[in-house]
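The block underneath contains the structure these notes are about, expressed in structure tokens.
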Amino acid sequence: MTARTYGQFCGLARALEIIGERWSLLVIRDLLLGPKRFDELQQGLPKIPPSILSTRLNELERHGVVQRRVLSQLDAGVVYELTEYGNDLDQIVLQLGLWGARSLTEPAADDLFTLDAAILSLYTTFQPDAARGVRGSFELHYGTDRMGDQMIVHAVVEDGAVTAGEGPHPDPDLVIEPRGPLMLKLLNGELDATSALTCGAVAIKGEPAMLDLFTRLFHIPSAPSKAEGLLTH
């Protein structure tokens, strides 16, 4: 099959030829946190047909973005992982995710929120300038996923940097239990920490002041207001 091109001698056009096909960036997103088997990728992207997932992985592999590796364990399974070239997309994907998060509203009934998405949302919304000189640990409980497994993630902030991952933290300064989609309003500033606690958007274990700190460390800036009608100068 002949690769589709934009016919442009331009780095952006070339980038879109490599990663601009439907599902490609979401595959890359799900590999940012580490290698995955084919079925693990399918689980995080349940609406992608297996044939399309296979095609996208082959395309990304051909372009040097993804590579396959045989595990050394007894089952000798194959995993897909990002190459060094593919890993260069990490900040691009996070910035694009933050840009898109500024337009998020209420989730649809069948919208999927995965463990990987929960972890990446912490990296995406992290505000390093607000974290200068700050140390703190946070644990978030997002209920259960489609398989009935608990979704717990944690974030450790240390002087302008964050490390996030799966599972509980051994000694968190604050445990946050979001209650439905209102967590988005806490992150984008529609609700402050006090209001979020009062209306039940979140429940916490720890000091309320730590929730206020969390909203400053993890934040979705508001999108510019949309202009109405025809602009004139």
Any pair with Cβ under 6 angstrom, 6 or more apart, that starts in the stretch 78-93 at a residue that is in a helix (DSSP H, G or I) and ends at one that is open to solvent by less than 100 Å² (accessible area, probe 1.4 Å) and of a type in the set (Gly, Ala, Ser): 85/64
Cβ pairs under 8 Å, 6+ apart, first in the stretch 206-233 and touching a residue at least 60 places away in the same chain (Cβ under 8 Å), second of a type in the set (Phe, Trp, Tyr) and surrounded by 10 or more Cβ atoms within 10 Å (Cβ to Cβ): 210/138; 214/138; 217/126; 218/126
Residue satisfying all of: in the stretch 96-126; part of a helix (DSSP H, G or I) and among the aromatic types (Phe, Trp, Tyr); least open to solvent (accessible area, probe 1.4 Å) among these: 123
Residues of the stretch 206-233 classified as at pLDDT 95 or above and open to solvent by 100 Å² or more (accessible area, probe 1.4 Å), total: 2
Subset of the stretch 157-166 that is open to solvent by less than 30 Å² (accessible area, probe 1.4 Å) and under 16 Å from the mean Cα position of the chain (by Cα) - its residue that is farthest from residue 110 (Cα to Cα): 162
Single unsatisfied condition, residue 175 versus (1) more than 17 Å from the chain's Cα centre (by Cα); (2) surrounded by fewer than 19 Cβ atoms within 10 Å (Cβ to Cβ): (2)
The stretch 4-18, residues that are closer than 15 Å to residue 64 by Cα and either touching a helix residue (DSSP H, G or I) at 6+ places or on another chain (Cβ under 6 Å) or open to solvent by 30 Å² or more (accessible area, probe 1.4 Å) (or both): 14, 15, 16, 17
Any hit, the stretch 147-156, residues being at pLDDT 95 or above, more than 27 Å from residue 198 (Cβ to Cβ) and surrounded by 16 or more Cβ atoms within 10 Å (Cβ to Cβ): yes
Residue match in the stretch 60-69 (condition: of a type outside the set (D, E, K, R), assigned to a strand (DSSP E or B) and surrounded by 11 or more Cβ atoms within 10 Å (Cβ to Cβ)): yes
Every pair of residues 6+ apart whose Cβ atoms lie under 9 Å, when the first sits in the stretch 194-205 and is open to solvent by 60 Å² or more (accessible area, probe 1.4 Å) while the second is part of a loop (DSSP other than H, G, I, E, B) and not charged (D, E, K, R): 199/191; 205/172
Identity of the residue in the stretch 80-95, among the β-branched types (Val, Ile, Thr) and open to solvent by less than 70 Å² (accessible area, probe 1.4 Å), that ends up farthest from residue 181 (Cα to Cα): 83
Exclusive hit being over 24 Å from residue 125 (Cα atoms), more than 22 Å from the chain's Cα centre (by Cα) and in contact (Cβ under 8 Å) with a residue 12 or more places away in the chain, set 69, 56, 62, 37: 69
Given (1) touching a residue at least 60 places away in the same chain (Cβ under 8 Å); (2) in contact with a Lys or Arg (Cβ under 8 Å, 6 or more places away or on another chain), number of the condition residue 27 does not satisfy: (1)
Answer from 40, 21 - the residue that is acidic (Asp, Glu), under 23 Å from residue 100 (Cβ atoms) and surrounded by 12 or more Cβ atoms within 10 Å (Cβ to Cβ): 21
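The values are calculated or read from the model by the stated rules, or taken from the named source; none is laboratory data. All values derive from a computational prediction rather than experimental measurement. No Cβ is skipped: glycine too gets one built from the backbone with ideal geometry, and neighbour counts run over all protein chains shown. Ligands, DNA and RNA are excluded from the accessible area calculation, which covers all protein heavy atoms including side chains. Shrake-Rupley method; radii C 1.70, N 1.55, O 1.52, S 1.80 Å.
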